[in-house]
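S.K.: Would you mind keeping the following structure in view while I ask a few things?
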Amino acid sequence: MEKKTIQSGFDKEKLVKSYMKSNYRIIGPLKHSAIKPCHWQEQKLLTGRSNRNCYKGYFGIESETCIQNTPTLPFCNHQCVFCWRDYENASFGPEWKGPMDSPKVIAREMIRHSKNLIFEHITKKKSIDNLDLMHKILYTYHDTIKQQNLADIVFGELDLAKILNTTRTKIHRAVLVLKNCSILKNPTEDKYVLQNEIKNKIQSYEEIDQLIAKDVTTKEDLDKVFKNAEVPKHAAISLAGEPMLYPAIGELVTEFRNRNMCTFIVTNGTQPEVLKKLVEKNQLPTQLYVTLTAPTKQDFIKISRPLTKNAWENLMETLRIIPTLSCRTVIRITSVKFLNINLGMVPNYVKLLKMANPNFIDIKGFTIEASALNLEKRLGKFKGDHTLRDFGPNFKDLLDFAQELEKIGGFPIIEKHKPSKDILLRGSWPEGKSIKIDFSKV
């Protein structure tokens, strides 16, 4: 049987089409790199407000200046049960195969495509139109309640689209922002009502205008956020695949650094030799995340499903290297309920965290989306009696786990971002020292 490689073109076009449908931009002639504007970048560009920034705001990173990317879209040496990648149908395997685009080309094209997405597709005009539409939606609630003498009114997206003579897509964008800003709620799918505490605050159009200006956005906010987006400041090398498999990962970090951008790398920790080379060549990222999916080898194999030998042993070597690194370091526990955040696992996690001694510990809730919908099938017999939705932790689940880590390990909780389902604990980072990144020293 022919070995399936990138050289042979195995499913390359299928992969590209699959990801492009999910708003990925495929980067470079060889199509192994990609960027994607995340939910938080889109939300920030619709409001300009810090409360619509992602958890990276802990570190002073503004979502509108972030490029979420990967140089290794089709390559990963794990098949994690919770992964949103479509590795069942669009993966080239656990090691690099074939030629590669140069780091200079990748960095240049990622920046170009990111700007194109923001200024030619997302656009300030759409954000300003969305602001106008949010006003009209709340005027509609106000008028209907007043005219029909109702205590409340429920509208679906199609109802509002018809009344306001616009598309459902535009309505969906607007009501999502109003919901995220705690003005609307949807007790059932596609049905929206005013939050109880909002009803008495919109007795007139003037009060609606004041509410939106106070709690959502203004044209001035939108002017400012799009101006800020003109200069990308952060490269999150974390989108998909295992970035340490890209043969020139250190040179890619350098390319971003030469453009005065900070970098995060999120790795599964199975490439300690690559990490050592980054140290030798002074090519470490601004902040290195190592994902820890389980505290024992048995659970690690069940959850991460490594495709290469000695994956656990390599991860342990990486954890031992972490205390020696000059960059900022984070251990990330991608949290899946019933799989890897049971409170009984905490003592074993603490042993590994004490060994690694990272600056921070990041508890990040697993999200049920894209190919992560296949989690039940991927788990097989390990699924037990649970259904797919059972595995998605709520914020209380994460907080309970984080508090147990704090109690047993002595790692204090220092930041929380409930909308991102993210909690940050302090490891070896000096108490009292700001965790904000100094962009003049990236």
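The values are calculated or read from the model by the stated rules, or taken from the named source; none is laboratory data. Model, not experiment: these values are computed from the prediction. Positions of Cβ are generated from backbone atoms using ideal geometry, with glycine treated the same way; all protein chains shown enter the neighbour counts.
S.K.: Considering Leu288, Leu292, Leu252, which residue is closer than 16 Å to Ile61 by Cα, buried (at least 23 other Cβ atoms within 10 Å of the Cβ) and in the same structural domain as Ser304 (by TED's automatic domain parsing)?
M.R.: The unique qualifying residue is Leu288.
S.K.: Then there is this: Need the failing condition index for Leu138 against (1) closer than 22 Å to Gln43 by Cβ; (2) touching a Phe, Trp or Tyr at 6+ places or on another chain (Cβ under 8 Å), just the number.
M.R.: Of (1) closer than 22 Å to Gln43 by Cβ; (2) touching a Phe, Trp or Tyr at 6+ places or on another chain (Cβ under 8 Å), only one is false for Leu138: (2).
Yes/no matrix, rows are residues, columns are (1) touching a Lys or Arg at 6+ places or on another chain (Cβ under 9 Å); (2) surrounded by fewer than 23 Cβ atoms within 10 Å (Cβ to Cβ):
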site	(1), (2)
Glu230	yes, yes
Ile265	no, no
Glu273	no, yes
Leu278	no, yes
Gln283	yes, yes
Lys297	no, yes
Lys309	no, yes
Trp312	yes, yes
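S.K.: Take the residues in region 64-104 that are among the aromatic types (Phe, Trp, Tyr) and part of a loop (DSSP other than H, G, I, E, B); name whichever of them is surrounded by the fewest Cβ atoms within 10 Å (Cβ to Cβ). Break it down into steps so the answer makes sense when it comes.
M.R.: Step one: list which residues in region 64-104 are among the aromatic types (Phe, Trp, Tyr), which gives 75, 82, 84, 87, 92, 96.
Now restrict to residues that are part of a loop (DSSP other than H, G, I, E, B): 82, 84, 87, 92, 96.
Values: Phe82: 23, Trp84: 18, Tyr87: 22, Phe92: 25, Trp96: 16.
Here the answer is Trp96.
S.K.: Also, quick follow-up: Can you tell me how many residues within region 362-385 are surrounded by 18 or more Cβ atoms within 10 Å (Cβ to Cβ), of a type in the set (Asp, Glu) and at pLDDT below 85?
M.R.: The total comes to 0.
S.K.: Does region 355-376 hold any residues that are over 30 Å from Ile321 (Cα atoms), touching an Asp or Glu at 6+ places or on another chain (Cβ under 9 Å) and not polar (S, T, N, Q), and which are they? Don't jump to the end; show me each part of the working.
M.R.: Taking region 355-376 and keeping what is over 30 Å from Ile321 (Cα atoms), we get 368-376.
Still in the list and also touching an Asp or Glu at 6+ places or on another chain (Cβ under 9 Å): 370-371, 374.
Ala370, the sole residue that qualifies.
S.K.: Filter region 402-442 for residues that are in a helix (DSSP H, G or I), out of contact with any helix residue (DSSP H, G or I) (no Cβ under 7 Å at 6 or more places or on another chain) and modelled with pLDDT of 95 or more; which is surrounded by the most Cβ atoms within 10 Å (Cβ to Cβ)? Write out each step before concluding.
M.R.: Here is the first cut: in region 402-442, the residues in a helix (DSSP H, G or I) are 402-409, 418-420, 439-441.
Applying the additional criterion that residues be out of contact with any helix residue (DSSP H, G or I) (no Cβ under 7 Å at 6 or more places or on another chain) yields 402-403, 406-407, 419, 439-441.
If we keep only those that are modelled with pLDDT of 95 or more as well, we get 402-403, 406-407.
Values: Ala402: 24, Gln403: 15, Glu406: 18, Lys407: 12.
Among them, the one singled out is Ala402.
S.K.: Something else: Taking the stated definitions as given, is Glu207 surrounded by 18 or more Cβ atoms within 10 Å (Cβ to Cβ), of a type in the set (Asp, Glu) and at negative phi? First the steps, then the outcome.
M.R.: On the way: surrounded by 18 or more Cβ atoms within 10 Å (Cβ to Cβ): no; of a type in the set (Asp, Glu): yes; at negative phi: yes.
Here the answer is no, as Glu207 does not meet what is asked.
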